[in-house]
Each structure stands twice: as structure tokens, then as C-alpha cells.
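Below is one structure, written out as C-alpha cells, with a few remarks after it.
The values are calculated or read from the model by the stated rules, or taken from the named source; none is laboratory data. Just so it is clear, the model here is predicted, and its values are computed rather than measured. We place every Cβ from the backbone using ideal geometry, glycine too, and count neighbours over all the protein chains shown.
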Amino acid sequence: MKIERLPLNALRAFSEAARENSFKKAATRLSVTPGAVSRQVKQLEARLGVTLFERHANGVLITEAGKMLLDDVQAGLSLIASGVEHITQRSSEAFELIISAPPSFLQLWLLPRLHRFEARERGINISLDADANLTPPLWLPNRAKLSLRYGQGPWQGVNSIRLFEDVLFPVCSPALLFKNKIRVPEDLLAQPLLSVEWQRHTPAFSPVPSWSEWFNSVGVKNHHLPTPMQYSLYSLALDQAIAGQGVVLASYPLIADRLASGVLVRPFKEKYALVSRFAYDLILPASGGAPEAVTHFSEWITQEAETFQNTSPHH
């Protein structure tokens, strides 16, 4: 009999009835009616073609065939119960790793890669916290919180690991580029410019690179800059750019996958990129020994960042 055809409920009813030599007591243990136990056993007998119990006015008595089956059924059910208990215990003892990161970095860079870490580290439960504020990292015996941050260090009171520097450049949809024939930076002055309110995501004392700074860096001085359309989330600005609604000043780590897919393009190829004073860092507590799970995650994300950096056109 194939395993997917095994009548597990009937086998369990048979096991309990054989243990108690009573359908009524088996029903109490299984929280069902005696009639339900009787029907399950009859269905099992019909499927196997053997009689498992002798029915009498005062109850039931297991047959020799039933005794032969009972040992194997009880051993099988015991093995299943042991496996369930083992995996439940492992799940309850799993290390909880909370990763705090700005929403855009979480969505656009970390999430597309995190499955590789989760597949490798089955004993770690990952929780994601889309929080742009730098909350203190911590580690406990079975729980830790780390932060991934975009900004300009040094970060006070913590240790940090540099993942990669940031590079900013304009991107837009292929259709907008073709339609408007953008060839030089000055051409962008006639286009809708999209911007993200980074001040929500970085400390107030660290003004982030802006369109104005990018134009200055490429030699477009004293320009009349159109007022950019502001978005609270990077993903919203990218969606508008993909839809052909304007040009966004992009942070390379956040749009690399969309450049690779072709839904966004660079009007100026590798030219006119602004190397930002901001960077992406992993933030760790300043003292104490890191739990093994934290060490594994730190090593993994550092390797991911190195691989990403090596494939960057700005490397």
C-alpha cells in the first residue's frame, strides 16, 4: 500500500482500541464517539481484508491478525510522534535574529538575497523590522537585533562593518529616454525629476545627496532646477520612473536589479555618477561576544556585499 493511501486516522483508532480492548475507551482518548471508532476500524478491516477485532455483546477482543498489525502500527505512530516532537522542539529553540533596516534597503536589496541565508541556516528565525531610526543593536543568548543603515558615519556607541559605498546617478524608463532623447545632463532640466525624502530615513544632521548636488558635480552650474516631486519611499519613486513619469536620482544598490532587468536605464551609461559621502553599514553592539547566529549572518552579508560590489560597474 502506497504511503499516501495509508488510512492514518483509522490506524490510530485501531491502535487506541487495541490498547484499551474497548471502542468506548478509545473514543474517549481520541475525543470522538464510539461509533466513529467502530466505523474507522471497519473501514480498515475492509481495506486490509482481515478481521482485527471479534465483536461480542460485552465489548471487543483483538484477533491474532490484529495483534500482528498492532506492533508495527504502534511503532510507526510512535516514530511519527517522535519526529513531530523533535521538529517542534527545534523550532521553539531556534535563534531569533531581528534585522532592522530602512524600508527601501530592506525591500530592494536585502529581501531578494535573504533566501540564500535562510536556506543555509535552518536554525535561525529571521524577523525584519522596516525602521529607519538607528535603534540600539543587542544580543542575548537566544535573540539578537542588528541594524543595517544608510548614512554618514561614524556611528556613535556601536561597532560597524562597511558593506559598500554608495553611488548615485539618474535613471528612467527606456520609453522616456527614447521619447525625449536625453543626451547630456542639461537635458534633464526639462524632465520631471523624482526625489525621495531621505531626511525621514537619515539623521537630521546629515543632509543627503540631492539633485542639486548631482547637477553641480557634473558641471551644470547656476541652473534653474525644477522642483522635484517628492516621495516618502524609494520604491514609490522607482515605480513612477518605471512608468515613464520622470527621472529619479538612484542609489545603485537599490536599483541594480531593475537595471539588470531592463525596466530602468541610465541615460548616460557609466558617465556622470556621483560618489556619495553616504554608505551602507552593518551596525553591531560595541561590546560583548556575538552569538554564533550573528557571526554567521555577519559573514554571509559581508560576502554578499563583496560579491555585489565586485559586479558593480563602478568597481
Taking the stretch 38-59, which residues are without any contact (Cβ under 8 Å) to a residue 12 or more places away in the chain and not aliphatic (A, V, I, L, M)? 39, 42, 45, 49, 54, 55, 56, 58
Residue under question is residue 240, and the condition is that it be at pLDDT 85 or above, assigned to a loop (DSSP other than H, G, I, E, B) and not assigned by TED's automatic domain parsing to the domain that holds residue 155; does it hold? no
Taking the stretch 223-237 as the region of interest, how many residues are part of a helix (DSSP H, G or I) and either surrounded by fewer than 22 Cβ atoms within 10 Å (Cβ to Cβ) or not assigned by TED's automatic domain parsing to the domain that holds residue 269 (or both)? 2
List the pairs whose first member sits in the stretch 103-124 and is assigned by TED's automatic domain parsing to the domain that holds residue 302 and farther than 22 Å from residue 291 by Cβ, whose second member is in a helix (DSSP H, G or I) and of a type in the set (A, V, I, L, M), and whose Cβ atoms are under 6 Å apart, counting only residues at least 6 apart or on separate chains? 104/254; 108/254
Assess whether residue 147 counts as being of a type outside the set (Asp, Glu) and surrounded by 12 or more Cβ atoms within 10 Å (Cβ to Cβ). yes
